[in-house]
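Undergrad: Got a structure for you, questions after.
The values are calculated or read from the model by the stated rules, or taken from the named source; none is laboratory data. The structure displayed is predicted, hence computed values, not measured ones. All Cβ positions, glycine included, derive from the backbone under ideal geometry; neighbour counts span all protein chains shown. We work out accessible area using only protein heavy atoms, side chains counted, and drop any ligands, DNA or RNA first. Shrake-Rupley method; radii C 1.70, N 1.55, O 1.52, S 1.80 Å.
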Amino acid sequence: MSSATILIKTPKMKFYDKGFISKYDDYTEIQVFSAGKTVLTLKVYEDQVCRDTFECQSSKVFNSEYLSSNYKDDFLKTLFDKEEKELIHRDKENGILIKIKKD
């Protein structure tokens with residue numbers, strides 16, 4: 001588990017605060033907190049994304065709904081699994097900005 005400052009800004013999602021990225025054998029869990037409360041929990045698998053506020057969706061459906069249908073199915077998992085200390089994914093065409101700054 002590593003703590004990080006996480007920004008996820010898309011036309012349908014806006015989260016920016018401290019959080020944790022936990023890697024498990026078959027999925028990566030992303031948690032974002034605001035004022036000490038969990039505001040977002042995502043369990044990201046190779047082929048699906050599970051969020052605490054809805055049932056699991058295939059990665060393809062999640063991407064087309066919240067990101068872009070042009071993204072590879074494993075885009076989110078690949079992004080959050082990277083070891084870099086600071087990551088920025090900027091997609092002006094689709095209005096998406098994802099920043100991860102690990103502590």
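Undergrad: Across segment 40-64, what is the total count of residues that are surrounded by 15 or more Cβ atoms within 10 Å (Cβ to Cβ) and of a type in the set (Asp, Glu)?
TA: Here the count works out to 0.
Undergrad: When you scan segment 67-99, how many residues do you find that are out of contact with any strand residue (DSSP E or B) (no Cβ under 8 Å at 6 or more places or on another chain), outside any loop (DSSP other than H, G, I, E, B), without any contact (Cβ under 8 Å) to a residue 60 or more places away in the chain and more than 21 Å from Lys23 (Cβ to Cβ)?
TA: 2
Undergrad: Ser69 - would you say it is out of contact with any Ser or Thr (no Cβ under 9 Å at 6 or more places or on another chain) and farther than 13 Å from Ile8 by Cβ?
TA: yes
Undergrad: Do you know which residues across segment 6-30 are modelled with pLDDT of 95 or more, open to solvent by less than 40 Å² (accessible area, probe 1.4 Å) and either outside any loop (DSSP other than H, G, I, E, B) or more than 21 Å from Leu67 (Cβ to Cβ) (or both)?
TA: Across segment 6-30, the qualifying residues are Ile6, Leu7, Ile8, Gly19, Ile21, Ser22, Thr28, Glu29, Ile30.
Undergrad: Among the residues of segment 52-59, is any polar (S, T, N, Q) and in a helix (DSSP H, G or I)? Quick ask: steps written out before the conclusion?
TA: Looking only at segment 52-59, we keep the residues that are polar (S, T, N, Q), and these are 53, 57-59.
Among the residues that remain, those that are also in a helix (DSSP H, G or I) are: 59.
Within segment 52-59, one or more residues are polar (S, T, N, Q) and in a helix (DSSP H, G or I).
Undergrad: Could you run through segment 41-51 and say how many residues are under 25 Å from Glu93 (Cβ atoms) and either assigned to a helix (DSSP H, G or I) or among the basic types (Lys, Arg) (or both)?
TA: 1
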